[in-house]
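Engineer: One structure coming up, written as structure tokens, with questions to follow.
Taken together, the values in this text are just the output of simple stated rules run on the coordinates, not laboratory data. This one's a predicted model, so the numbers in the text were calculated from it and none came from an experiment. Glycine gets a Cβ as well: all are built from the backbone with ideal geometry, and neighbour counts include every protein chain shown.
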Amino acid sequence: MPADRCPIKGSMDYQADITAKAEEVRLALRAKLNARGRTLTKAVAHAGRLLPKKLAKQAAIIIKAQGLGGNPKLMRRIDMGAIDTAHSGIMTFLDAIDVQERRKTRVLRWFGGMAFNLILITTSFVIWLWWSGNL
């Protein structure tokens with residue numbers, strides 16, 4: 001084959017591309033949202049509400065394409081433009097997440113909840129003492 005001609009991209013190339021994108025999304029979900037799962041389907045399910053519905057639907061496009069990938073005739077139904085859009089949308093969302101900031105926010109919210117509960121219990125105790133006439 002002459003060097004100036006590009007080979008026609010076959011269904012196996014598409015399958016490898018889809019698999020690579022699915023794996024990249026799965027690893028990014030693991031790193032940013034701690035969504036465990038051996039497959040992209042399980043990782044998206046584990047991410048749950050941390051992943052917006054729109055992005056979960058985009059991940060479903062990649063999952064569906066990955067499922068159709070084993071059959072060359074069904075590969076014709078796959079829209080690579082939609083897969084590229086879904087992949088870039090998910091990766092843009094995940095790249096914007098700061099893991100250290102999420103961790104810090106989680107700890108501060110926990111301490112805030114504990115402080116609120118302590119104040120509530122103390123206030124309730126003082127009110128009970130006042131009502132019972134011991135204060």
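Engineer: For segment 79-135, name all the residues that are surrounded by 10 or more Cβ atoms within 10 Å (Cβ to Cβ), of a type in the set (S, T, N, Q) and more than 27 Å from ARG30 (Cα to Cα).
Structural biologist: Within segment 79-135, ASN117, THR122, THR123, SER124 meet the criteria.
Engineer: Scan segment 18-40 for residues that are under 22 Å from GLY81 (Cα atoms) and crowded, with 18+ Cβ neighbours inside 10 Å and report the count.
Structural biologist: Going through segment 18-40 one residue at a time, the tally reaches 8.
Engineer: Restricting to segment 24-43, give me the number of residues that are of a type in the set (A, V, I, L, M), free of Cβ contacts under 8 Å to residues at least 60 places away in the same chain and within 22 Å of ARG103 (Cβ to Cβ).
Structural biologist: First pass over segment 24-43, keeping only residues of a type in the set (A, V, I, L, M): 25, 27-29, 31, 33, 35, 40, 43.
Those still in the list that are free of Cβ contacts under 8 Å to residues at least 60 places away in the same chain too: 27, 35, 40, 43.
Cutting the leftovers down to within 22 Å of ARG103 (Cβ to Cβ) gives us 27, 35, 43.
Adding up the residues that qualify gives 3.
Engineer: Would you check which residues across segment 19-60 are of a type in the set (Ser, Thr, Tyr) and part of a helix (DSSP H, G or I) and list them?
Structural biologist: Selection gives THR19, THR41.
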